[in-house]
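Right, one structure below, let's go through it.
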2 protein chains.
Amino acid sequence: MSTTRGARERARAEVTAAIKDEARRQLAAEGAAKLSLRAVARELGMVSSALYRYFPSRDDLLTALIVDAYDAVGAAAETALARQPAHAPQPARWTAVCRAVRTWALAHPHEYALIYGSPVPGYTAPMATVGPASRVGRALVSVARDAHRGNGLAVPPLPAALSDEARRITEDVAPDLPPPVVAALVAAWSQLFGLVSFELFGQFNRVVEEREAFFDHAATTLAHAVGLIDGRPAGPAPGGDST
Amino acid sequence: MSTTRGARERARAEVTAAIKDEARRQLAAEGAAKLSLRAVARELGMVSSALYRYFPSRDDLLTALIVDAYDAVGAAAETALARQPAHAPQPARWTAVCRAVRTWALAHPHEYALIYGSPVPGYTAPMATVGPASRVGRALVSVARDAHRGNGLAVPPLPAALSDEARRITEDVAPDLPPPVVAALVAAWSQLFGLVSFELFGQFNRVVEEREAFFDHAATTLAHAVGLIDGRPAGPAPGGDST
DNA sequence: CCAAGGCAAGAGCAGTGCTCTCGTTATTGG
DNA sequence: CCAATAACGAGAGCACTGCTCTTGCCTTGG
């Protein structure tokens, strides 16, 4: 069934994948700014104009790479979380996600820069990116959700100016969590990428040397900021004090 | 001395400034990727090759803009801090610096992206940028230093894996502060830019709407994370607990 | 006053994104 | 089964880019 009309479509899918692969290669090698349609075509043995049959413009090719990158870092976060034992302490589950993001970023710096660095030229993210872009955030939310089901989460209350906004965000992303926790989650989410970006973009040069230890500590602090506490992950008694 | 031989040098300085101004205009209008030497020269009524008498390459022009941008955001942070009344509560002084950074970033998004977004092509920051790049960090440190002189700063102890590193960083940036505070400062420094970058680069689209209120709250939380506490700024009694 | 050097101008090279046209080739409807 | 149709690759070409080199002008220092 797919072979009948597939002969052509399969070839098209293969060429499309080959273009993306070569583009990703150039992206990893030289960065997004030096990604050249002509060079991709040249490397693939075709002429540049032929490439426009597959991607209407350079920006569309970049968008495809962006979506893939969001998916890749999201998948890395999710599998890191899935690999955590079910009874692992909540801060450990949290930092596992954080470390997965950092590890992926260090392994794919240019792809990371593509999605979490400056948006390219006059580029505004198409709708196709919003789903994949939220995977890391959802992984972080799910850690908090599990902890909330377990022994509860305690974060300071919100200022009045934020209560409506926090309620609104809560309904969108995690209706089963208390709004103060969701607000802390969103902040921690962005701050996690602040840590990774500063390391990757060189702001830590000549400042932080032991990057991994520093990151682990900061990620653990973020875990505490969203209310995750050390101790039993699913203890039904939330009155435990670990000071 | 600069006035004597200034006739020619002054003209050179003026042209250099005009080039940078026009380049900054194009940067603000279209972003770093579309900044074109030829367009700058065209707008200034000169031919592109003449511009190379002033900047040896496009990257050098960009570097000049980067240094200026670091200086601009650093100056914004410093004046915001200087405008704070001497007896303002420490968290207020902290958030004043944070808000100044955010305000500057919102007013100069492309310049912000230039320094805190993805580093351009294969670009590695020249030494000339390290001084200006640390001005915001130094402003944050000085808030902590004042608070430390006042009523002390209380942050959780560091894990053993970080104690040496934290001591080293402390000697470099703030020998008069306790290492755990310095570690928290560096983390908060990067996390502050995580917040700003996520807002500016669109990650908060369809998530956070009340950006200013959210940012203020997150910045205040960061202030607490580095040990700044509400209350009198210079009270000699550090025994206050605000849990 | 005159040589020397900084300077603008222009041509030119190699590269880019993108468009258009032109045969060819594969798919599909009659 | 064959013809109409759509997809496709190739090539030329346009407007643009960063950058280099050469050629003269013109201010400046001796």
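The values are calculated or read from the model by the stated rules, or taken from the named source; none is laboratory data. These numbers were taken from a predicted model, which means no experiment stands behind them. In this analysis, Cβ positions are derived from the backbone assuming ideal geometry, glycine residues included, and neighbour counts consider all displayed protein chains.
Summary of values
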read-out: Leading residue by the ranking (nearest to A:Ala23 (Cα to Cα)) among those in region A:53-86 that are more than 14 Å from every other protein chain (Cβ to nearest Cβ) and within 16 Å of DNA strand C (Cβ to nearest atom); value: A:Leu61
read-out: Sole residue being β-branched (Val, Ile, Thr) and at pLDDT 95 or above, chosen from A:Val155, A:Val196; value: A:Val196
read-out: Pairs, first more than 14 Å from B:Ala50 (Cα to Cα) in region B:1-16, second modelled with pLDDT of 60 or more and more than 8 Å from DNA strand D (Cβ to nearest atom), C-beta under 6 Å, six or more apart; value: none
read-out: Test: residue in region B:98-116 that is within 21 Å of B:Gly194 (Cα to Cα) and of a type in the set (S, T, N, Q); value: yes
read-out: Residue in region B:134-150 that is within 23 Å of the chain's Cα centre (by Cα) and part of a loop (DSSP other than H, G, I, E, B) present; value: yes
read-out: Residue that is surrounded by the fewest Cβ atoms within 10 Å (Cβ to Cβ) [pool: residues in region A:42-57 that are outside any loop (DSSP other than H, G, I, E, B) and not acidic (Asp, Glu)]; value: A:Ser49
read-out: Test: residue in region B:163-183 that is of a type in the set (A, V, I, L, M) and under 17 Å from B:Glu78 (Cβ atoms); value: yes
read-out: Qualifying positions in region A:13-39 - away from chain B (no Cβ under 14 Å), more than 8 Å from DNA strand C (Cβ to nearest atom) and of a type outside the set (D, E, K, R); value: A:Ala13, A:Val15, A:Thr16, A:Ala17, A:Ala18, A:Ile19, A:Ala23
read-out: B:Val155 in contact with a Gly (Cβ under 6 Å, 6 or more places away or on another chain), crowded, with 23+ Cβ neighbours inside 10 Å, closer than 21 Å to A:Ala188 by Cβ and more than 7 Å from every other protein chain (Cβ to nearest Cβ); value: no
read-out: Which listed residue, of B:Arg167, B:Arg232, B:Arg211, B:Arg149, is more than 8 Å from chain A (Cβ to nearest Cβ), more than 20 Å from A:Thr221 (Cβ to Cβ) and modelled with pLDDT of 95 or more; value: B:Arg211
read-out: Failed item in (1) surrounded by 19 or more Cβ atoms within 10 Å (Cβ to Cβ); (2) in a helix (DSSP H, G or I), with A:Ala92 passing the rest; value: (1)
read-out: Residues of region B:40-52 satisfying the condition of being among the hydrophobic types (A, V, I, L, M, F, W, C) and within 8 Å of DNA strand C (Cβ to nearest atom); value: B:Ala41, B:Met46, B:Val47, B:Ala50, B:Leu51
read-out: Residue check for A:Arg206: surrounded by fewer than 18 Cβ atoms within 10 Å (Cβ to Cβ) and modelled with pLDDT under 95; value: yes
read-out: Identity of the residue in region B:26-40, closer than 16 Å to B:Ile115 by Cα and more than 12 Å from DNA strand D (Cβ to nearest atom), that ends up surrounded by the most Cβ atoms within 10 Å (Cβ to Cβ); value: B:Gly31
read-out: Residue check, A:Ala50 at pLDDT below 95, more than 13 Å from chain B (Cβ to nearest Cβ) and within 12 Å of DNA strand D (Cβ to nearest atom); value: no
read-out: Some residue of region A:106-124 being modelled with pLDDT of 95 or more, under 20 Å from the mean Cα position of the chain (by Cα) and part of a loop (DSSP other than H, G, I, E, B); value: yes
read-out: Residue in region B:85-96 that is modelled with pLDDT under 95 and either within 13 Å of DNA strand D (Cβ to nearest atom) or hydroxyl-bearing (Ser, Thr, Tyr) (or both) present; value: no
read-out: Residues within region B:185-208 that are free of Cβ contacts under 8 Å to residues at least 60 places away in the same chain, more than 7 Å from chain A (Cβ to nearest Cβ) and part of a helix (DSSP H, G or I), tallied; value: 3
read-out: Residue list for region A:128-146, filter: within 10 Å of chain B (Cβ to nearest Cβ) and of a type in the set (Gly, Ala, Ser); value: A:Ala133, A:Ser134, A:Gly137
